[in-house]
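Heads up: the structure comes next, in structure tokens.
The values are calculated or read from the model by the stated rules, or taken from the named source; none is laboratory data. Please read these numbers as outputs of a predicted model, since none were measured by experiment. Positions of Cβ are backbone-derived with ideal geometry, glycine not excepted, and every protein chain shown enters the neighbour counts.
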Amino acid sequence: MSFLELRRVSKSYGEGATEVRALADIDLSVDRGSLVAVMGPSGSGKSTLLTIAGSLEKQTSGEVLIDGAALQTMSHNDKARLRRRTIGYVFQDFNLLAGLTAVENVSLPLELDGVQARKAHAAGMSALEELGLADRATHYPDELSGGERQRVAIARAVVGERHLLLADEPSGALDSTNGEAVMRMILAACKQGVAAVVVTHDAQLASWADRVVFLRDGRVIDQTVPPPSPESLIEPSPEPSK
Amino acid sequence: MSVRHALLALLGEGPKYGLQLRQEFESGTGEIWPLNIGQVYTTLQRLERDGLIESDEPEREGPQKGFRLTEAGSAELFAWLSTPPDMTSPPRDELVIKVLSALRVPGVNAHNVIQIHRRYLVELMQQWTRLKEDEADFDLQFALVADAELFRLDAIVRWLDTADGRLKRAALEPHAQPAMPRLARRLVVRR
């Protein structure tokens with residue numbers, strides 16, 4: 001069953017003559033363990049799609065379901081709990097808190113959720129360890145490289161029992177080797193059952209996804225079909241018939 | 001692709017047999033480019049004729065004949081490695097011609113033509129990425145080949161994205177001189 005589901009979701013800003021339609025009738029479902037990329041140019045509505053899927057913004061019409069529960073029927077508190085416990089966000093510019101160390105940044109969502117400081121710290125350390133950052137745990141964001149900061153942001157997004165990972169241009173201004181490392185981490189989270197959505201304009205990032213959805217002017221215009229076995233690329237092509 | 005120079009490069013490591021050269025060529029390119037053994041021997045014969053490689057046993061034929069680089073071969077190899085390939089004239093790209101043609105054929109939506117190709121390219125990229133995901137950790141050569149292919153495909157997707165954006169802007173500003181037909185004329189002239 002899909003963990004995230006958008007049903008005919010539309011979003012407009014403004015009214016009447018000045019109305020701007022950011023999203024129109026979006027249907028999208030993401031299963032547990034799968035990575036979906038939403039690919040489109042700037043202004044295609046992909047960031048809006050992500051903030052609506054993450055309950056940070058309300059749609060104008062349509063339904064958003066997370067683990068079968070419709071967001072519009074939830075109270076403010078329920079939604080806040082969902083954001084703290086279930087959803088992890090990764091932003092282009094990392095959004096780490098400058099006054100907290102790497103491990104404090106990662107364990108913060110757990111502490112906000114009422115987890116004991118010691119337990120939260122341990123969970124934060126193990127998330128950092130998994131991403132190869134254990135030796136950076138006590139560094140502040142400005143003491144970390146761009147790639148390390150983004151890894152801390154991913155650790156923060158997957159710490160605890162999160163099931164939905166939403167990433168907006170997660171490789172930001174990173175070079176392609178670091179961008180690849182970011183996608184490998186997101187994929188590793190998916191292998192452990194997380195449902196993930198990455199929005200990007202970058203085909204190389206999108207190509208890590210199981211499915212790529214193409215967005216233009218607020219509409220889904222197309223999507224990739226599951227590829228045949230990758231080995232088909234390296235098998236010699238059959239002789240053309242004469 | 002220069003098989004000739006790739007073989008010189010392999011012989012740069014030390015003397016080798018023909019069969020060995022084929023195996024090393026294939027494994028060294030991530031097994032993406034299969035190489036016919038006949039092609040290996042023909043190329044080796046030419047390299048020997050041109051004095052770039054030599055054999056201890058000129059009369060012997062077959063898989064056990066060993067080859068090594070001559071001084072001239074070594075100079076040729078270094079010159080090749082440090083000379084950029086000729087990229088001055090753009091290739092006549094079928095996809096570019098297709099998109100340009102789509103603009104001229106009545107009833108064809110160029111955006112749809114672009115999307116069909118974009119999706120195909122991204123699907124290919126997904127396959128390459130999956131191969132890289134499985135193998136990159138233990139096969140550096142393969143990762144380099146896969147990266148090269150991904151960047152090549154990515155460049156085409158970026159061109160399609162740019163073309164898509166340009167067409168959209170051109171449609172919004174009908175008075176602006178459309179850039180595409182002019183480019184099309186130039187391409188026709190070049191032919």
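If you go through the range A:25-42, how many residues are in contact with a strand residue (DSSP E or B) (Cβ under 9 Å, 6 or more places away or on another chain) and either aromatic (Phe, Trp, Tyr) or part of a loop (DSSP other than H, G, I, E, B) (or both)? I'd like the intermediate steps shown before the answer.
Start the filter on the range A:25-42 by keeping residues that are in contact with a strand residue (DSSP E or B) (Cβ under 9 Å, 6 or more places away or on another chain), which leaves A:25-41.
Going one step further and asking which of them are either aromatic (Phe, Trp, Tyr) or part of a loop (DSSP other than H, G, I, E, B) (or both), we end up with A:32-34, A:40-41.
Final tally of qualifying residues: 5.
Scoring B:Thr70 on the criteria (1) within 30 Å of B:Asp50 (Cα to Cα); (2) in contact with a helix residue (DSSP H, G or I) (Cβ under 7 Å, 6 or more places away or on another chain); (3) surrounded by 15 or more Cβ atoms within 10 Å (Cβ to Cβ) leaves a single failure, condition (2). Of all residues in the range A:208-222, exactly one satisfies the criterion of being over 17 Å from A:Arg7 (Cα atoms) and either free of Cβ contacts under 8 Å to residues at least 24 places away in the same chain or of a type in the set (Phe, Trp, Tyr) (or both), namely A:Trp208.
Tallying residues that are of a type in the set (Lys, Arg) and at pLDDT below 95 within the range A:1-31 yields 1.
Cβ-Cβ contacts under 6 Å between residues 6 or more apart (or on different chains), taken from a first residue in the range B:1-21 that is basic (Lys, Arg) to a second residue that is modelled with pLDDT of 90 or more, are listed as B:Arg4/B:Thr43. Being surrounded by fewer than 15 Cβ atoms within 10 Å (Cβ to Cβ) and either more than 16 Å from the chain's Cα centre (by Cα) or within 14 Å of chain B (Cβ to nearest Cβ) (or both) is a description that does not apply to A:Ala22.
Applying the criterion of being of a type outside the set (D, E, K, R) and in contact (Cβ under 8 Å) with a residue 24 or more places away in the chain to the residues of the range B:116-140, the residue that is farthest from the other protein chains (Cβ to nearest Cβ) is B:His117. Scan the range B:9-17 and tell me whether some residue there is modelled with pLDDT of 90 or more, under 22 Å from the mean Cα position of the chain (by Cα) and either among the aromatic types (Phe, Trp, Tyr) or crowded, with 16+ Cβ neighbours inside 10 Å (or both). Yes: the range B:9-17 contains one or more residues that are modelled with pLDDT of 90 or more, under 22 Å from the mean Cα position of the chain (by Cα) and either among the aromatic types (Phe, Trp, Tyr) or crowded, with 16+ Cβ neighbours inside 10 Å (or both). Scan the range A:211-228 and give yes if some residue there is facing chain B (nearest Cβ under 7 Å), at pLDDT 95 or above and under 18 Å from the mean Cα position of the chain (by Cα), otherwise no. Within the range A:211-228, one or more residues are facing chain B (nearest Cβ under 7 Å), at pLDDT 95 or above and under 18 Å from the mean Cα position of the chain (by Cα).
For the range B:152-175, the set of residues classified as facing chain A (nearest Cβ under 8 Å) and in contact with a helix residue (DSSP H, G or I) (Cβ under 9 Å, 6 or more places away or on another chain) consists of B:Leu153, B:Asp154, B:Val157, B:Arg158, B:Asp161, B:Asp164, listed by residue number. Checking each residue in the range A:66-89 for being among the hydrophobic types (A, V, I, L, M, F, W, C), surrounded by 18 or more Cβ atoms within 10 Å (Cβ to Cβ) and closer than 23 Å to A:Ala117 by Cα picks out A:Leu82, A:Ile87.
Conditions (1) farther than 15 Å from A:Thr200 by Cβ; (2) at pLDDT 95 or above; (3) not in a strand (DSSP E or B), marked per residue:
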| site | (1), (2), (3) |
| --- | --- |
| A:Thr138 | yes, yes, yes |
| A:Arg149 | yes, no, yes |
| A:Leu174 | no, no, yes |
| A:Thr177 | yes, no, yes |
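Among the conditions (1) more than 8 Å from chain B (Cβ to nearest Cβ); (2) without any contact (Cβ under 8 Å) to a residue 12 or more places away in the chain; (3) among the aliphatic types (A, V, I, L, M), the only one that A:Ala181 does not satisfy is (2).
Comparison of B:Ala72, B:Ala148 shows that the only residue that is free of Cβ contacts under 8 Å to residues at least 40 places away in the same chain and in the same structural domain as B:Gly12 (by TED's automatic domain parsing) is B:Ala72. Comparison of A:Leu128, A:Leu166 shows that the only residue that is assigned to a helix (DSSP H, G or I) and not aromatic (Phe, Trp, Tyr) is A:Leu128.
Per-residue answers, yes or no, for (1) within 14 Å of chain A (Cβ to nearest Cβ); (2) within 25 Å of B:Met87 (Cβ to Cβ):
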| position | (1), (2) |
| --- | --- |
| B:Val3 | no, yes |
| B:Gly12 | no, yes |
| B:Pro15 | no, no |
| B:Gln23 | no, no |
| B:Ile32 | yes, yes |
| B:Arg46 | no, no |
| B:Gly51 | no, no |
| B:Glu57 | no, no |
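Select from the range B:105-125 the residues that are outside any helix (DSSP H, G or I) and not polar (S, T, N, Q) and write down the one among them that is surrounded by the most Cβ atoms within 10 Å (Cβ to Cβ). My answer is B:Val108.
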